[in-house]
Amino acid sequence: MKYIDSNIFLYPLLYEDNLSIKCKKILFDIVNGNFEGCTSFLTWDEVVYTLKKKRGLKIANGEGKKFLKFPNLKFLDVNLQTITKAQILMDKYNLNPRDAIHASHSILKSNGEIISLDKDFDEIKELKKSSLS
């Protein structure tokens with residue numbers, strides 16, 4: 001299973017370029033069962049919040065509803081174990097809280113495999129970040 005960061009879901013909703021096409025391919029691969037994907041319920045918050053700011057409330061609400069029904073995607077609860085590991089990662093790598101939660105989930109639930117556009121994850125030794133090239 002691979003952890004999918006929020007930016008993989010957001011990029012195709014905000015941009016139309018080669019990177020957007022690569023993100024869409026990853027998402028279609030999950031839908032089609034080509035690999036198992038997981039993400040945090042926190043990702044819903046990031047997707048809806050960002051879309052509300054950039055595209056308006058109506059689009060944000062619509063995409064938020066679709067996101068919660070994303071086929072073949074496993075949603076991970078944020079719990080004390082997740083936050084405890086996130087705190088350790090924040091201290092060790094000077095991460096922002098949301099990035100630390102995503103990294104924590106990836107380490108705890110997907111063997112450290114993460115798909116993300118976020119360069120902050122490049123320095124985290126416990127992660128295996130997939131390239132979109």
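Observations, loosely collected:
- Among the residues making up segment 1-26, those that are free of Cβ contacts under 8 Å to residues at least 24 places away in the same chain and not charged (D, E, K, R) are Pro12, Tyr15, Asn18, Ser20, Ile21.
- Criterion: at pLDDT below 95, surrounded by 13 or more Cβ atoms within 10 Å (Cβ to Cβ) and of a type outside the set (Phe, Trp, Tyr) - qualifying residue of Ser130, Ser116, Ser40: Ser130
- Residue in segment 44-64 that is within 22 Å of Lys129 (Cα to Cα), in contact with a strand residue (DSSP E or B) (Cβ under 9 Å, 6 or more places away or on another chain) and free of Cβ contacts under 8 Å to residues at least 40 places away in the same chain present: yes
Residue-by-condition table, conditions (1) free of Cβ contacts under 8 Å to residues at least 60 places away in the same chain; (2) polar (S, T, N, Q):
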{"position": "Tyr93", "(1), (2)": "yes, no"}
{"position": "His105", "(1), (2)": "no, no"}
{"position": "Asp118", "(1), (2)": "no, no"}
{"position": "Asp122", "(1), (2)": "yes, no"}
{"position": "Lys125", "(1), (2)": "yes, no"}
{"position": "Ser131", "(1), (2)": "yes, yes"}
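- Candidate set from segment 61-88 (those that are of a type in the set (A, V, I, L, M) and under 17 Å from the mean Cα position of the chain (by Cα)); member that is farthest from Ser110 (Cα to Cα): Leu68
- For Pro97, the conditions (1) surrounded by fewer than 16 Cβ atoms within 10 Å (Cβ to Cβ); (2) within 13 Å of the chain's Cα centre (by Cα) all hold with the exception of (2).
- Residue-level check: of (1) of a type in the set (Ser, Thr, Tyr); (2) touching a helix residue (DSSP H, G or I) at 6+ places or on another chain (Cβ under 9 Å); (3) surrounded by 14 or more Cβ atoms within 10 Å (Cβ to Cβ), Ser110 misses just (2).
- Residue list for segment 107-116, restricted to those being small (Gly, Ala, Ser) and touching a residue at least 60 places away in the same chain (Cβ under 8 Å): Ser110, Ser116
The values are calculated or read from the model by the stated rules, or taken from the named source; none is laboratory data. No experiment lies behind these values; they were computed from the predicted model shown. Positions of Cβ are backbone-derived with ideal geometry, glycine not excepted, and every protein chain shown enters the neighbour counts.
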